[in-house]
């Protein structure tokens, strides 16, 4: 437990470091866009390549992936509903900043440390479906809402084709299904860059963290996080007590429900011209809340 909590605490410390460095002038506000591009187009794709190296996907176990994807769709719908009556920008912001789970960089270490091999498999399969949401689908839907366009699968696919992380994910998933392995040199290079993804994403959040103190910002933070974790409680309890599955699977899903908001959300918010400071604040706070919730769930289920 101590080692996992230390790692999670380091994530929070890196966020604080980024915020402090911006406050003293080491980073400028515009540096957030640079960091977000590095995360979205370099370190995150590299992390995906490395994560898939040597991974085998069993098509018969993809129901958990469908579940992860379905929960993401539910959050997208709720993000739209809680902003009904607001402007297009606010609707797009809510969709992006309430959906998707940060599992690989945050929740996976808890699953590895406390839930064993079955927990890791369940987490990986669930994250496969979740990745479709946080690497492109939520961004595409938010972009359509912001542009005032009607829902169109063609437009979603077109936007997804422009997402470097999503395209990387699809290519690596196909290679895994076909049991094709990249050369060891490519995997080693991807590992070098991919290992920088978690600290870079946390540093990006810290640099972007900015709350003006405006009442509308505070209201947005409270509303999004309250709705997000209220749903997490319902999903966690439902998975643990109602799902007809093995205990290890139910324990893992109960844990995954409290994962933080996808770390790519602030970067995608920036690409849409949204309030990246507010997005970073929401994301950073979700990491702290999730840390407390996940520790609490582990104490209850183990």
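Observations on the model:
- Verdict on residue 218 being out of contact with any strand residue (DSSP E or B) (no Cβ under 7 Å at 6 or more places or on another chain) and assigned to a helix (DSSP H, G or I): yes
- Any chance residue 255 is in contact with a helix residue (DSSP H, G or I) (Cβ under 8 Å, 6 or more places away or on another chain), assigned to a helix (DSSP H, G or I) and loosely packed, with under 14 Cβ neighbours inside 10 Å: no
- Close pairs from region 76-104: first at positive phi and crowded, with 23+ Cβ neighbours inside 10 Å, partner at pLDDT below 90 and in a helix (DSSP H, G or I), Cβ under 8 Å, at least 6 apart: 100/134
- Residues that are surrounded by 15 or more Cβ atoms within 10 Å (Cβ to Cβ) and either within 17 Å of the chain's Cα centre (by Cα) or outside any helix (DSSP H, G or I) (or both) were ranked within region 1-13; the one that is modelled with the highest pLDDT is 12.
- If you check 205, 237 for being part of a helix (DSSP H, G or I) and under 18 Å from residue 103 (Cβ atoms), only one passes: 205.
- For region 261-269, the condition of being in contact with a strand residue (DSSP E or B) (Cβ under 9 Å, 6 or more places away or on another chain), touching a residue at least 24 places away in the same chain (Cβ under 8 Å) and buried (at least 24 other Cβ atoms within 10 Å of the Cβ) holds for at least one residue.
- Check on residue 225, within 17 Å of the chain's Cα centre (by Cα), assigned to a helix (DSSP H, G or I) and more than 21 Å from residue 302 (Cβ to Cβ): yes
- If the condition is being farther than 27 Å from residue 110 by Cβ and assigned to a helix (DSSP H, G or I), then region 21-53 contributes 21, 22, 23, 31, 32, 33, 34, 37, 41.
The values are calculated or read from the model by the stated rules, or taken from the named source; none is laboratory data. Nothing here was measured: the structure is a model prediction, and the numbers come from that model. Note: ideal-geometry Cβ built from the backbone for every residue, glycine included; neighbour counts use all protein chains shown.
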